[in-house]
Every structure is written in structure tokens, then in C-alpha cells.
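Data block below; observations after.
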């Protein structure tokens with residue numbers, strides 16, 4: 001079954017509640033940057049960064065960012081892909097909150113955490129709207145030593 005947050009995004013109360021609940025979790029924690037993974041991570045991450053009063057950094061697919069980037073390849077079920085971040089987006093020692101809409105296999109999120117750490121960033125937590133625990137992405141990130149939070153989870157039916 002395909003899981004998607006577009007119905008949540010079009011609902012003004014649902015969207016507002018999502019942003020408020022995520023923001024509430026991190027408002028007492030020192031965070032320097034919110035990093036969102038393309039593309040729904042931008043939709044959730046940017047307003048969270050705004051509410052926390054910190055900067056927002058996009059991680060995008062290859063060749064989508066305008067300035068100099070570093071990248072990381074990762075495996076998909078059907079091949080491989082690459083994500084990139086600007087080389088000046090995160091400074092050594094900055095505390096980073098990683099956000100995306102959904103954690104499934106965790107390949108993209110794991111590549112994103114590696115990019116952030118390559119730049120000297122400290123990952124405070126990996127935050128998702130939805131976790132699909134049966135697919136294993138959360139366990140993959142936790143095995144790498146990352147804290148993971150999701151507003152809700154859906155097990156296989």
C-alpha cells in the first residue's frame with residue numbers, strides 16, 4: 001500500500017497540527033538548522049525551521065542545487081540514486097534536525113545523515129511524519145546511532 005501525506009497537506013487543520021506538534025517537540029532543544037529532504041521534507045521542514053527561528057537547508061536530487069555541492073549515492077530497490085547538499089550549508093558543530101515526510105527503507109535518510117555528518121553537523125534527531133516500521137528504515141537509522149521520531153506509524157496490513 002502506498003502511503004502519502006498530500007491529503008494531510010491540503011487540510012489546513014491537519015497541516016497546522018503537524019507543524020505545531022513537530023515544533024513543540026524541539027522548541028526547548030538547541031537546533032541550529034533544519035534539513036529537509038526533497039521534496040515533501042521541504043514542505044514540513046521549512047515551516048518548522050521558521051517556527052524554531054533557525055535556518056532551513058534543502059537536500060535535493062543530483063544536479064538540482066545551483067551552487068557547489070557534495071553528494072552521496074544510495075541504493076533503491078530498483079537501482080541507485082544520489083542526493084546533494086550545498087558545501088556551505090552546514091558548519092562544523094552545528095546541531096541539525098533532519099526532516100522528511102516518511103521513513104520506509106531509510107536509504108535516502110541514511111544518505112542524508114551521512115552528508116550532514118561529512119560536513120561536521122551533529123544530528124539531533126531524524127523526524128518524520130510517518131514511519132513504516134515493517135520496512136526497516138527506522139531500525140536502519142537507529143543502528144547508525146541516530147534518534148528517530150515519527151508522529152505516527154502504519155504497520156503492514
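Kindly evaluate residue 116 against the criterion of being in contact with a helix residue (DSSP H, G or I) (Cβ under 9 Å, 6 or more places away or on another chain) and either buried (at least 18 other Cβ atoms within 10 Å of the Cβ) or within 21 Å of residue 48 (Cβ to Cβ) (or both). So residue 116 fails the test.
From the list 52, 76, the one residue that fits, being closer than 22 Å to residue 148 by Cβ, in contact with a helix residue (DSSP H, G or I) (Cβ under 8 Å, 6 or more places away or on another chain) and surrounded by fewer than 11 Cβ atoms within 10 Å (Cβ to Cβ), is 76. Just for the stretch 81-110: of the residues that are under 12 Å from residue 131 (Cα atoms) and part of a loop (DSSP other than H, G, I, E, B), which one is nearest to the chain's Cα centre (by Cα)? Residue satisfying both the conditions and the ranking: 106. Surrounded by 15 or more Cβ atoms within 10 Å (Cβ to Cβ), closer than 20 Å to residue 118 by Cβ and touching a residue at least 12 places away in the same chain (Cβ under 8 Å): does that describe residue 59? So residue 59 passes the test. In this structure, does residue 125 turn out to be within 15 Å of the chain's Cα centre (by Cα) and surrounded by fewer than 20 Cβ atoms within 10 Å (Cβ to Cβ)? Spelling it out, residue 125 is indeed within 15 Å of the chain's Cα centre (by Cα) and surrounded by fewer than 20 Cβ atoms within 10 Å (Cβ to Cβ). Comparison of 70, 22 shows that the only residue that is touching a residue at least 12 places away in the same chain (Cβ under 8 Å), within 20 Å of residue 123 (Cβ to Cβ) and in a strand (DSSP E or B) is 70. Tallying residues that are under 12 Å from the mean Cα position of the chain (by Cα) and surrounded by fewer than 19 Cβ atoms within 10 Å (Cβ to Cβ) within the stretch 1-39 yields 2. Here residue 46 meets each of (1) under 17 Å from residue 109 (Cβ atoms); (2) out of contact with any helix residue (DSSP H, G or I) (no Cβ under 7 Å at 6 or more places or on another chain); (3) part of a helix (DSSP H, G or I) with one exception, condition (1). Just one residue in the set 90, 99 is modelled with pLDDT of 95 or more, within 14 Å of residue 38 (Cβ to Cβ), surrounded by 22 or more Cβ atoms within 10 Å (Cβ to Cβ) and touching a helix residue (DSSP H, G or I) at 6+ places or on another chain (Cβ under 8 Å); that residue is 99.
Residues in the stretch 145-153 include at least one that is within 16 Å of the chain's Cα centre (by Cα), surrounded by fewer than 22 Cβ atoms within 10 Å (Cβ to Cβ), at positive phi and without any contact (Cβ under 8 Å) to a residue 40 or more places away in the chain.
The values are calculated or read from the model by the stated rules, or taken from the named source; none is laboratory data. Since the model is a prediction, treat every value here as computed from it, not as a measurement. Here Cβ is always computed from backbone atoms with ideal geometry, including for glycine, and neighbour counts include all displayed protein chains.
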